[in-house]
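A short worksheet on the structure shown next.
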Amino acid sequence: MAQSTRIGASGWLLIMVGLLLALAQGANACSCFRDPPNSTPWSRATAAAAGSDAVFAGKVLAVATGIEVMGDDEDDVWPRRHFTFEVSQQYRGHVQPKTIISTGFGGGDCGFEFEIGDTYLVYADIEDNGALETSICHRTRHIKYAGTDLRYLRGEQPVTDDLVVETNESTEQGKPGVTLCGTVGYAANRSVDGAEVRLWRILSDGRREEEESVQAEQSGNYCFKSVDSGRFLVSAVEEMEEPEDSDEGPPASFRYAPLAGAYGGLQNPVEIAVSGKEELRKLDFTLISLPGLNVSGRVAFDGTMPQADLFVSLRSNNQELFRHWQMLRLQPGREFMFEGVPAGSYSVDVLFLDRAWEDWIAPAVQIDLKENLEGLPVPLERKSPR
């Protein structure tokens, strides 16, 4: 089977609060600016509308995937999803009746998780290339959670709940917050090398926002200081070192927390509720060992392959469980092989460079990887002429 060209780790970039940080330097979380203190849902909706280039309500019709070049280096590329919306109401800016919104894939790149068939209130900004973009750092939300925003955008009067100041219980009582500590280890008593523990806040609309991550000590002990009141997800993974003899690091991998080969481990997320009345919470993790598996296959397409630069993408479906992503540049033989993939649930599909995706349909193939997988067909279809 032909080998696919691999893109160096330095080619994958992650944007966090406006700063581009190389993944090889350990960037692994999406950080958004926090709401100002003593704000209300009404004041946040007001600020979001004023700070957005476009605001509209619409139903998600379809999604396509692509890659954008970042800067002048053709190897500096950034995976993106492009959602087609049927606009039902426009509130700010100008959008077409059917408009496309770009976003990341979730996790460390701040991408928003849209569901096809659902309706959302979208806050979007115009990118340098003219495309509309949104993220979890915008106030974009499912329409059923957008009552305050819709009242403001329609020029209606606020209701009582719109004007409630949301304060933090521990801050209100003058307490520094709760200390959350524990240990990370393996059932087989194997020592933990570079374990990372992550803390996500569960927002009122059901979305998750990564709060903080800490590295466990060599003994496996970890601590979060001053955790505010609220609901959280906590998980742990073993983060492996990149091979010193490789110029590219873990090959072609857009990994927020590398889980390399047979040595990676993870712990399913645990949901906890933190109260300002507490002072200390203890939470221990036992990591599950993950074998490194191979996934190989071929892009299935009848006819002449597109001239565009094509990639095959493999990414984990549950970004809260663990975040694993690999991409390979597709060769003329249409064959690909991903190596060192942890067992789990993944999506595999074809990605296009820049806007070539607009002329093609590349549905994702879902796999539940438990052993080496060979001969996986990944479909690619040309869109019918309009």
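The values are calculated or read from the model by the stated rules, or taken from the named source; none is laboratory data. Bear in mind that the values here come from a model prediction, so they are computed numbers and not experimental data. For neighbour counting, all protein chains shown are included, and Cβ atoms are generated from backbone atoms with ideal geometry for every residue, glycine included.
The condition of being of a type in the set (Val, Ile, Thr) and touching a Pro at 6+ places or on another chain (Cβ under 7 Å) holds for only one of VAL87, VAL95, that being VAL87.
Per the listing LEU328, LEU314, LEU283, the residue uniquely out of contact with any Asp or Glu (no Cβ under 9 Å at 6 or more places or on another chain), at pLDDT 80 or above and under 20 Å from ARG80 (Cα atoms) is LEU328. Looking only at residues of region 83-132 that are over 18 Å from ASN317 (Cα atoms), modelled with pLDDT under 95 and acidic (Asp, Glu), we find that the one that is surrounded by the most Cβ atoms within 10 Å (Cβ to Cβ) is GLU127.
With in contact with a helix residue (DSSP H, G or I) (Cβ under 8 Å, 6 or more places away or on another chain) and either in the same structural domain as VAL192 (by TED's automatic domain parsing) or at pLDDT below 80 (or both) as the only criterion, which of GLN319, GLN307 stands out? Even if it seems obvious, please write down each step before you answer.
Details: GLN307 fails: in contact with a helix residue (DSSP H, G or I) (Cβ under 8 Å, 6 or more places away or on another chain).
Result of the check over GLN319, GLN307: GLN319.
Applying the condition of being at negative phi and at pLDDT below 85 to region 189-200 and asking which residue is surrounded by the most Cβ atoms within 10 Å (Cβ to Cβ) yields ALA195.
Can SER345 be described as out of contact with any Asp or Glu (no Cβ under 6 Å at 6 or more places or on another chain), small (Gly, Ala, Ser) and surrounded by fewer than 14 Cβ atoms within 10 Å (Cβ to Cβ)? Considered against the rule, which asks whether it is out of contact with any Asp or Glu (no Cβ under 6 Å at 6 or more places or on another chain), small (Gly, Ala, Ser) and surrounded by fewer than 14 Cβ atoms within 10 Å (Cβ to Cβ), SER345 comes out as no.
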